[in-house]
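Following: one structure in structure tokens, then a few remarks.
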Number of protein chains: 2
Amino acid sequence: MRSLLISKALFIALHLGGCKMEMKTLAQERSKAEFDVEAMKVVWAGGEASLRLNQRMAELVANDPEFQKDSRVMQTRSELLKDTFRKAAHAWELINKLHFTEEEARCLRKHIDQPSYADLHWGVFIPAIKGQATDAQQKKWLPLAYSQAIIGCYAQTELGHGSNVQRLETTATFEPSTDGFIVNTPTIAATKWWPGGLGKVSTHAIVHARLLTNGKDYGIHAFIVQIRSLEDHQPLPGITVADIGTKFGSRAYNSVDNGLLRFNNVHIPRENMLMRLATVTKEGKYVHSNVPTQLAYGAMVNVRKSIVMDASYSLARAVTIAVRYSAVRRQFGVQDGQPEMQVLDYMTQQSRLFPLLATAYAYRFLGQWMSSLYSDTMACFENNDFSTLPEVHACTAGLKSIATSTTADGIEECRKLCGGHGYLTSSGLPDLFAVYVPSCTYEGDNVILLLQVARYLMKTLKFLGSGKEPSGTAAYLSNVTELVSKNCEVAKESDWISPKTLRYAFEARSARLALKCATQIAAASTQDEGFSEASCELLGASRAHCELIIVTRFMGALEREIPGRGVKNQLQILCNIYALSLVTTRAGDFLMTGYLSPEQVELAKSQLRDLFKKVRHNAVSLVDAFDYTDFYLGSSLGRYDGNVYESLYNEALKDPTNASAVTEGYTEFIRPILKQQLGTSMSRL
Amino acid sequence: MRSLLISKALFIALHLGGCKMEMKTLAQERSKAEFDVEAMKVVWAGGEASLRLNQRMAELVANDPEFQKDSRVMQTRSELLKDTFRKAAHAWELINKLHFTEEEARCLRKHIDQPSYADLHWGVFIPAIKGQATDAQQKKWLPLAYSQAIIGCYAQTELGHGSNVQRLETTATFEPSTDGFIVNTPTIAATKWWPGGLGKVSTHAIVHARLLTNGKDYGIHAFIVQIRSLEDHQPLPGITVADIGTKFGSRAYNSVDNGLLRFNNVHIPRENMLMRLATVTKEGKYVHSNVPTQLAYGAMVNVRKSIVMDASYSLARAVTIAVRYSAVRRQFGVQDGQPEMQVLDYMTQQSRLFPLLATAYAYRFLGQWMSSLYSDTMACFENNDFSTLPEVHACTAGLKSIATSTTADGIEECRKLCGGHGYLTSSGLPDLFAVYVPSCTYEGDNVILLLQVARYLMKTLKFLGSGKEPSGTAAYLSNVTELVSKNCEVAKESDWISPKTLRYAFEARSARLALKCATQIAAASTQDEGFSEASCELLGASRAHCELIIVTRFMGALEREIPGRGVKNQLQILCNIYALSLVTTRAGDFLMTGYLSPEQVELAKSQLRDLFKKVRHNAVSLVDAFDYTDFYLGSSLGRYDGNVYESLYNEALKDPTNASAVTEGYTEFIRPILKQQLGTSMSRL
């Protein structure tokens, strides 16, 4: 310990000496902001009320010792789970004591920043009951769920089937003699696998199973199944339930008990079938209800909106760390005696980082727009108008896919932009990546979702001119003839920063790629074969369609008044960076379709470089506007004050392996080597 | 436990029932191979002897209970370190007992598959002594190091400086009165940070410090410093040493004690300066030796070769898992009653996976070529011929950068290609990614390395025609006039599979991008400013140059005879896939420079689709040829027998959280919620 004490004394000396260039640097960066950061915080949060709520919860969590993070310490899985259960229980106590609304409770859980079974209970189990249960069923189950007298999960995916829900193998066979269903797991591949909260905590599961009655298979339906005793938490007879083991990262989703579940002749009462859309009568007759099946898709739109919102938050978090650290970090570039150049001043750093900063903002506005799309859609549904559903379904599927893929890659890019130190857990980035990546798979695999968009695009093109005109985000396709014939007219750099020019370019790219696919498919011997052969190109067309939507939604958000000095101007710069960075990274698309010439792409590149210069002095303030607390960020590199090196150092010293100067295992495994006693001492081990 | 027992019985029943479509599927895949897998194994291993050595070590490790992997269990960091020390000690005992050569020992350590301090001692500390110490110094230190009477690490990077070695801040001030150096750490940022093996194990460190003598700063030099007592392992006076804490992944490099190190007036004898290139006399005079400084670069070439070899092994490992699982996994695509389609049959899967399969092979041949490049370079050096150094330095820097970036992304892509199950630790993929990614940073940050290539390319173009003709991998640049004027002549799909056509296309792309950058820089007000403004384009030019080298080295390797039925044919297909997948993914480059027309890119795409069909039936056998054992792969998804679902299930049940049916923490944190006793019981916790 002696040596650690020396270092502490040294630190104090250095600290008093005031050698904190890093901290001065960030203060200087902030003084250069050309906009009102507080006003931007309101824009980012989506309003004053939302900003205050966030700040209140952030403070509450950061000041409560029960929620302290020891996230840089490797725990065993059991320790981590127990720690998570403790925090969830404490949160529940607070929620009750302080009479939190559902929104407040959700915000609190977000700030605890440690996923748990509670996220699934509140975020999936309860919404599923609301969406799929009859009113009478809701009356029975919701009070139990709201009070957490039962804790639930959503057991859909199986070992052998994720995306192809229709081929799930679990069976629920109606048995008239007991007026109930017998649930079974016929094969290993039919084992329920992945549901969060299932492995160790849930007492109940919404189980998706193949409904069999009177010898007929009616396909996949949902049932509520109690799986654990409410008295002693033991699995009920016929139930096999366990945790599926560890996952990516040292923490990430390891704090969630994703589970496996098997049924051996488990009997459930008939009324445990969720019967909003269809029922089975006492006699075993299958009857559709008069509720339109399309209603189920409304929930899907809402979930996808949340995923896009989360994408913006997660990307913003990574970008905050990378921007602040890039401003503090200096390397190369200046003569002896002078401080080196800030890494943020390198064009190679800017060209990777600023588009991600712009993307975080783009997704924020996209999420806000998807909120209103959801409200509009639900309003139509209530009037029994389902005409917008295909378009809304396709567009939200694609936006989920693009936003999550880009965010996952973007977080890893931010980690790389922090150099070697980004590899440390104390940078906050490794676990941010590990906890984010599953969003590329859950709620629809991203590739499969893009293929759904492609099917919609192909169908839309097919019916053009037949009276079925495309609407909403696909409306531009009715203009396809012009879009495929008129080429871009950009002749100088500044031509590129016109919203009209940009929108048209993205429309032309999307329409041309889609049309090319349609032509390729039409030339194939069958449509299925054509679709399969063209599937890579179809992914490209879908991506183009979605990126067009994101660009236009960002532009659309800037059409209104936005208060605050310089706020709108910064957002306009970011919007142009977002759009032009896509023009340059997807240059292949624009050139392949002949819409742009190489010279026009070059003009976009140099316009982009100019925009980078404009955003450079505002970069630190633009991430400040995300309003992340140091507690929430959990990053030595992303600290608000810029004191990164001392923070890295102090975090390292906290590692339990540093509790003693001589390591555990020295006597048994290191000393015998150094003392050349291996032959003798080792054999005694 | 009751429920788990039920499930075991069920398994046995299912097993005896023989419902293992997954296993049959892989057997069928293997029966379709159009080449001799055993012969391919020899090619991949680089010869019979190498193959046998690998197989011998793989078997030795797999059968030794001391080396068993419990890699799916989360341990505390201290447990993991101790486990690693135990394995390293056991390995050292074996190495001595079985009288292994250095090559055998290295191969053994590789198969243990758990990085440790020993990798740094043998792989960095000893080579550094060989490279930088005088003969007399080697005589003193090497026997100690070889017997591990001392254990060493390489302490170069500091908290504040990684890439910019010349700005390291640690000082070594010569003190004539004691005939030694006083080593100091003047600031927090000067703390040595990252060296593997430093944190908990090493007794000695090679420390890079600023040499000061007679009031003059002679820049960075290397010194051997003892940091821990050889008696009790305590840090020596004036030394602060500790572990820097946890890193990415649940295991990965957490088994290595990367460390921090600070010096407070630490005295070392003068002869501990590594004096091969320069010495300090008793009087404090700094004297260059007559050893050419260029010799130091030889070691760098060798290290980069090893990194490229490792890239091929790591990518091959990920590809093995993804190919086998994609063959076994079925989803969608066929009518009721029939088995679903193998995921490997989807074009979207093939287009992402097969280029990575081809890339693994490409890097293998690249690594082999870099071995001979190293020998050739050393032979030149021995004749005091350093003329090839700039070209060799640039090319190996770039190849390290491209190979590691592509491999890191490729491993993550393979994880995504395995869908949700790829997120499980038992897939083997998360930790493979976490353990691989630092290679993008160590031994040179990948972006900085590409900028070094760019400097070389710009210099080469500048001196064209001046008599200084480019040689080696840059020789094509002397043909730049033709390369920028003659466009591609491909007129039909099959034109693309000519080596000459492909090579010329890559030469043209590289030459054109380089020339464009040179023109852009020449137009800038200063060369530095031009270089900085053009840096993103320069990265593109460097990438093009390196990819050209990789393509031509793959082709070059196929010019010789390759024994074994169908082996060469498969490799030719893979080589074309590698090259054409680059043509299509880098289409933007080819179109921007005007070398290809959109139609020609389309032809490349459809040729590529044809090649995918050719490789499809050989894919499983092509990964079998990598010859990874199940033990080494450590992947439920990548098992040789294809029995993935049962394996996933069994691995899950082994998780310590499944030791009891009722979870730890139930009584304290879950029961009170369910029993609605939170207000009372929680407050008692």
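For B:Glu443, neighbours were defined as the other residues whose beta-carbon sits under 12 Å from its Cβ, and their charges (Lys and Arg +1, Asp and Glu -1) total +1. Straight-line cross-link partners of B:Lys32 among the lysines, defined as a Cα under 28 Å from its Cα and at least 8 positions apart when in the same chain: B:Lys20, B:Lys24, B:Lys41, B:Lys416, B:Lys568, B:Lys605, B:Lys613, B:Lys614.
Overall form of the stretch B:586-685: oblate. Here a/c, set by the Cα gyration tensor axes a ≥ b ≥ c, is 1.5 or more, and a/b is not larger than b/c. Amide H contacts for B:His267 (H built 1.01 Å from N in the peptide plane; partners 5 or more residues away or on another chain; cut-off under 5 Å): B:Val183.
Take the Cα of B:Lys462, step 7 Å toward its Cβ, do the same at A:Glu59, and the gap between the two points is 5.8 nm. Normalised Debye scattering of the stretch A:124-291 at q = 0.16 Å⁻¹ gives log10 I(q)/I(0) of -0.92, counting only Cα atoms as equal scatterers and leaving out solvent. The three principal axes of the Cα atoms in the protein assembly as shown give end-to-end lengths of 103, 73, 73 Å, sorted in falling order. Toward the positive end of the charge dipole of chain A, with +1 on the Cβ of Lys and Arg and -1 on the Cβ of Asp and Glu, the farthest Cα among A:Ile307, A:Val620, A:Gly638 is that of A:Gly638.
Take each residue of peptide A:424-430, count the partner chain Cβ atoms within 10 Å of its Cβ, and average: the result is 4.
The overall shape of chain B is oblate: from the C-alpha gyration tensor, with semi-axes ordered a ≥ b ≥ c, the ratio a/c is 1.5 or greater and a/b is no larger than b/c.
Summary: within chain A, the longest segment free of GluC sites (Glu not before Pro) located in DSSP loops with at most 12 other C-beta atoms within 10 Å is A:1-230. Taken as entire DSSP H runs, the helices of chain A that both span 18 Å or more between Cα atoms along their own long axis and average 0.5 or more on the Kyte-Doolittle scale are A:2-16, A:295-328, A:446-462, A:535-557, A:567-585.
Give the calculated FRET efficiency between A:Gln28 and A:Arg565 to the nearest 0.05, with a Förster radius of 22 Å applied to their Cβ-Cβ distance. Present the calculation step by step, with values, prior to reporting the outcome.
Numbers: r = 20 Å, r/R0 = 0.89.
Computed FRET efficiency for A:Gln28 and A:Arg565: 0.65.
Helix-only arithmetic for the protein assembly as shown: the sum of -39500 (n - 2.57) across DSSP H runs with n ≥ 4, divided by the residue total, places the mean residue ellipticity at 222 nm at -17000 deg cm²/dmol. Inter-chain neighbour count for A:159-165: the average number of beta-carbon atoms from partner chains within 10 Å of each residue's beta-carbon is 5. Label zone of A:Asp630 (point 7 Å out along Cα→Cβ, amide N under 20 Å): in the stretch A:30-73 this covers A:30-31, A:55-73. Multiplying the residue separation of A:Glu668 and A:Met378 by 0.36 nm and subtracting their alpha-carbon distance yields 97.7 nm. With a Förster radius of 60 Å applied to the C-beta separation of B:Lys282 and A:Val165, the computed FRET efficiency comes to 0.15.
Under the combined filter of DSSP loop state and at most 11 neighbouring Cβ atoms within 10 Å, the stretch B:96-184 retains none of its trypsin sites (Lys or Arg not before Pro).
At the residue level, A:Asp113 shows approximately 50 square angstrom of accessible surface with a 1.4 angstrom probe and all protein chains present.
When +1 charges are put on Lys and Arg Cβ atoms and -1 charges on Asp and Glu Cβ atoms, the dipole computed for the protein assembly as shown relative to its Cα centre reaches about 500 debye. Evaluating 6.51 cos²θ - 1.76 cosθ + 1.60 at θ = phi - 60° for every residue in the stretch A:178-185, the Karplus couplings come out as 10, 6, x, 10, 9, 9, 9, 10 Hz, glycine and proline recorded as x.
Placing +1 on each Lys and Arg Cβ and -1 on each Asp and Glu Cβ, with no other charges, gives the stretch B:124-291 a dipole about its Cα centre of roughly 320 debye.
Take every Cα pair under 8 Å in the stretch A:124-291 that's 6+ residues apart, average their separations, divide by the length, and report that relative contact order as a whole percent.
25 percent
Tell me which trypsin sites (Lys or Arg not before Pro) from the stretch A:380-489 have a DSSP coil assignment and no more than 12 other beta carbons within 10 Å of their own. Taking the stretch A:380-489 and a limit of 12 other Cβ atoms within 10 Å, the loop trypsin sites (Lys or Arg not before Pro) found are A:Lys468, A:Lys486. For the set B:Met458, A:Met273, solvent exposure ranked by accessible area (probe 1.4 Å, protein chains only) runs largest to smallest as B:Met458, A:Met273. Within the shell of other residues whose beta carbon sits under 14 angstrom from the beta carbon of A:Glu283, the net charge comes to +2, with Lys and Arg scored +1 and Asp and Glu -1. The stretch between A:Asn96 and A:Asp495 holds 137.9 nm of extra length on full extension. This uses 0.36 nm per residue minus the Cα-Cα distance. A straight Cα-to-Cα reach below 18 Å connects B:Lys486 with the aspartates and glutamates B:Asp495, B:Glu507, B:Asp589, B:Glu599, residues fewer than 8 places away in its own chain not being considered. Rounded to the nearest Hz, the phi-derived 3J(HN,Hα) couplings of the stretch A:479-490 under the Karplus curve 6.51 cos²θ - 1.76 cosθ + 1.60 (θ = phi - 60°) are 9, 4, 4, 5, 4, 8, 10, 8, 8, 5, 10, 4, where x marks glycine and proline.
Close amide-amide hydrogen proximity is noted between A:Cys153 and A:His204, A:Ala205, A:Ile206, each under 5 Å apart and 5 or more residues distant or on a separate chain (H modeled in the peptide plane; Pro and chain starts excluded).
The values are calculated or read from the model by the stated rules, or taken from the named source; none is laboratory data. On a predicted model such as this, the values are computed, not experimentally measured, just so you know. Cβ sites come from the backbone with ideal geometry, for glycine too, and all protein chains shown count toward neighbours. Ligands, DNA and RNA are excluded from the accessible area calculation, which covers all protein heavy atoms including side chains. Shrake-Rupley method; radii C 1.70, N 1.55, O 1.52, S 1.80 Å.
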